[in-house]
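Novice: A single structure is presented below for examination.
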Amino acid sequence: MGLAAARTIAFSLAGTVDGADPAAPYTRISLLLGTSGATLALCDLSGVQADAITLDALARVRLAARRHGCRLRLRGASNDLVELLTYTGFDEVVAD
C-alpha cells in the first residue's frame, strides 16, 4: 500500500511563446503530458517575457496540466514575470 512514485517531466517555454499560434503551448504540453504519464511538470521560464502573451501561454499550460491530473511548478521566472504572476494569481505555482 505504498504511494506511487511521482513522475516528473521538465520543459521550457522559451522560444515557443508567441502570439501567432496561441493554442501551441496547450497542444505541445498536452501531448507531452499525455505520453509521459507525469504527475509533476516543471516549466522553465528563463528568458520568457513578462507580458500578456506569456500569461496566456501559461494559462493554457496550466489548463493542460490540470486536465492530465498533473501538478505544475514554474521555475526561472524573471522578477517582472514573478510580479505579474503574483498579481494575476499564478503565484501558487511558482517554485524557488
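The values are calculated or read from the model by the stated rules, or taken from the named source; none is laboratory data. Note that the coordinates shown come from a computational prediction; the quantities given were computed from them, not determined experimentally. For neighbour counting, all protein chains shown are included, and Cβ atoms are generated from backbone atoms with ideal geometry for every residue, glycine included.
Novice: What number of residues within segment 13-45 satisfy the criterion of being surrounded by fewer than 18 Cβ atoms within 10 Å (Cβ to Cβ) and under 15 Å from Arg73 (Cα atoms)?
Specialist: The number of residues fulfilling the criteria is 4.
Novice: Only residues that are farther than 22 Å from Thr27 by Cβ and of a type in the set (A, V, I, L, M, F, W, C): list them for segment 64-83, please.
Specialist: Ala77, Leu81, Val82
Novice: Does any residue in segment 50-68 that is in contact (Cβ under 8 Å) with a residue 40 or more places away in the chain come within less than 7 Å, Cβ to Cβ, of a residue that is in a loop (DSSP other than H, G, I, E, B) six or more places away or on a different chain, and which pairs are these?
Specialist: Thr54/Val17; Thr54/Val48; Ala57/Leu13; Ala57/Val17
Yes/no per residue for (1) at pLDDT 90 or above; (2) not acidic (Asp, Glu):
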{"site": "Leu32", "(1), (2)": "yes, yes"}
{"site": "Thr35", "(1), (2)": "yes, yes"}
{"site": "Gly47", "(1), (2)": "no, yes"}
{"site": "Ile53", "(1), (2)": "no, yes"}
{"site": "Val61", "(1), (2)": "yes, yes"}
{"site": "Arg71", "(1), (2)": "yes, yes"}
{"site": "Leu84", "(1), (2)": "yes, yes"}
{"site": "Thr88", "(1), (2)": "no, yes"}
{"site": "Asp91", "(1), (2)": "no, no"}
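Novice: Looking at the structure I just gave you, is Thr35 of a type in the set (S, T, N, Q), part of a helix (DSSP H, G or I) and within 17 Å of Thr8 (Cα to Cα)?
Specialist: Yes.
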